[in-house]
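The values are calculated or read from the model by the stated rules, or taken from the named source; none is laboratory data. From a predicted model like this one, the values you see are computed outputs, not experimental measurements. Don't worry about glycine lacking a Cβ; one is built from the backbone with ideal geometry, like all the others, and counts go over all protein chains shown.
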Amino acid sequence: PGSTDKEDEDWFLSLRKTLEANMRHTNLFPPGRIFWAMRDNSFHQSLQRPDDPSLHTASNPDGSSTGDRLRVFEVENPEEVFNQVIFSMDMLSAHFVQNYDKYLRDYL
C-alpha cells in the first residue's frame, strides 16, 4: 500500500531533522571570499530587475544564451547565510564544477 501525503511529509521532516542534528561542526561553504550567483527569475517577481543592464546573461557551453540573468552577491556572513541545506530540484547540478566555471566566465 502507498503512503499518504501526511506520512511522506512526516518522513521528510524526520529526515531533515536527523541530517541537521548530524551536521554539527560542518561548514556548508568553502573557505575564503564567497560569491553567490543567483538567477534573477528565482527572486519574487517584485524583486526581479528585468531592465537592469548590470545583470549578466548566462550562456550555455556552446555560447548560446540561456536567458538566465545572473545577480551576483558577495556573502559577508556565510555562517548565517548557509546554515541550512536548501532542497531544490537543481541542488546538485547547480554545484557541478563546470557550472561554477561557466558562471564565472559569464560574469567576467
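At a glance:
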| item | result |
| --- | --- |
| Segment 20-46: number of residues that are aliphatic (A, V, I, L, M), surrounded by 12 or more Cβ atoms within 10 Å (Cβ to Cβ) and either in a strand (DSSP E or B) or at pLDDT 75 or above (or both) | 3 |
| Contacts under 6 angstrom Cβ, first residue in segment 78-104 being part of a helix (DSSP H, G or I), partner modelled with pLDDT of 75 or more and among the aromatic types (Phe, Trp, Tyr), 6 or more apart | Pro78/Phe29 |
| Tally of residues being closer than 20 Å to Arg105 by Cβ, modelled with pLDDT of 75 or more and either of a type in the set (Lys, Arg) or touching a Ser or Thr at 6+ places or on another chain (Cβ under 8 Å) (or both) across segment 47-76 | 3 |
